[in-house]
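Peer 1: Got a structure here, written out as structure tokens. Questions coming.
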Amino acid sequence: MRERAALVVAELERTGGFERSVLAVATTTGSGWLEPQTVDALEYLHAGDTAIAAMQYAYTPSWVSFVFDPDAPVDAAAVLFDAIEARWQQLPADDRPMLVVYGLSLGAHGSQAVFDDVDELRSRTDGALFVGSPGGAPMWQTLQAARDAGSPAWQPVLDGGREVRWLSRDGDDISGVWDRPRVLYLQHATDPVTWLVPELLWSAPEWLDEAQRGPDVSPSMRWMPVITAVQVTIDMLGGEAVPARHGHNYGDVVTTAWRAVTGDAGLDADAVERIRDLIATYASIPPYAE
């Protein structure tokens, strides 16, 4: 694995990746896939002055990797980030790219596991974007548990949003004081990847409480032992085959997310809107009109 990480660093050197304005270290899904919407949104926002580095650790679907080799994404993410960070640290502090981390689904689990906590994450990077994090990710669990009183499980607020924020759909309010480096989670109330955890078998989840329920969670849904876990498992198999803004489909909000974490190349509002509209079309099922 270290040899493969060294190849990634060598490729960044060869292609001038360390000379770009933004360098994203991405952890793939189980099959080695990166989401086109998220990749392209970052590149468009920075006019192509970007480098995105990733390393495949398996060739199976994420659920297979998670069940049979759960350490693989964690080990791969740590080895790759450490190798890139070591080379990045050798560059002059005033002449090196913004270093950010990104992961979708099982990739978000791996990316988070590189760091012991948010403090370490923010001290070693210039920002992070985690999309559709699995509910079993330790960092995600810690942050969810520490959320401010009164904020719902599906869209938490932590310390007033000072360092870490959650975004569900384009148009959500992310204004106010937000210190850099910024950590951002994209999270839907109807994303089965996030809410399928073992505890769902025997205990009712917060996200189904009436006061916690997201606006797109059916009012008819009720928790039942075992049965609800089976329902959410079935939902996970089709989690991306839904319109953006729901399930495991975040195509309508990734442009806003990256812009919040990394800024942009000085684009005007019209350019950003064109990028946002284009990226939203990537979804196999576009967002429903409000």
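Readers should treat all values here as calculations from the given coordinates under stated rules, not as data from a laboratory. This one's a predicted model, so the numbers in the text were calculated from it and none came from an experiment. Quick reminder, even Gly has a Cβ in these numbers, built from the backbone with ideal geometry, and neighbours come from all protein chains shown.
Peer 1: Where the second residue is of a type in the set (Val, Ile, Thr) and surrounded by 14 or more Cβ atoms within 10 Å (Cβ to Cβ) and the first is part of a strand (DSSP E or B) and lies in the range 1-22, which pairs have Cβ atoms under 6 Å and are six or more apart or on separate chains?
Peer 2: Qualifying pairs under 6 Å: 22/50; 22/262.
Peer 1: Please find, within the range 233-280, the residue that is surrounded by the fewest Cβ atoms within 10 Å (Cβ to Cβ) out of those that are closer than 24 Å to residue 199 by Cβ and more than 20 Å from the chain's Cα centre (by Cα).
Peer 2: So, considering only residues that are closer than 24 Å to residue 199 by Cβ and more than 20 Å from the chain's Cα centre (by Cα), the one surrounded by the fewest Cβ atoms within 10 Å (Cβ to Cβ) is 234.
Peer 1: Just the residues that are closer than 22 Å to residue 216 by Cα and among the aliphatic types (A, V, I, L, M), please, taken from the range 127-148.
Peer 2: Selection gives 131 alone.
Peer 1: What's the number of the only condition in (1) surrounded by 21 or more Cβ atoms within 10 Å (Cβ to Cβ); (2) touching a residue at least 60 places away in the same chain (Cβ under 8 Å); (3) farther than 14 Å from residue 186 by Cβ that residue 98 fails to meet?
Peer 2: Exception for residue 98: condition (1).
Peer 1: Counting only residues that are surrounded by fewer than 17 Cβ atoms within 10 Å (Cβ to Cβ) and under 21 Å from residue 258 (Cα atoms), how many does the range 171-211 have?
Peer 2: 9
Peer 1: Okay, next question. Looking only at the range 141-167, which residues are surrounded by fewer than 20 Cβ atoms within 10 Å (Cβ to Cβ) and assigned to a helix (DSSP H, G or I)?
Peer 2: 141, 142, 145, 159, 160
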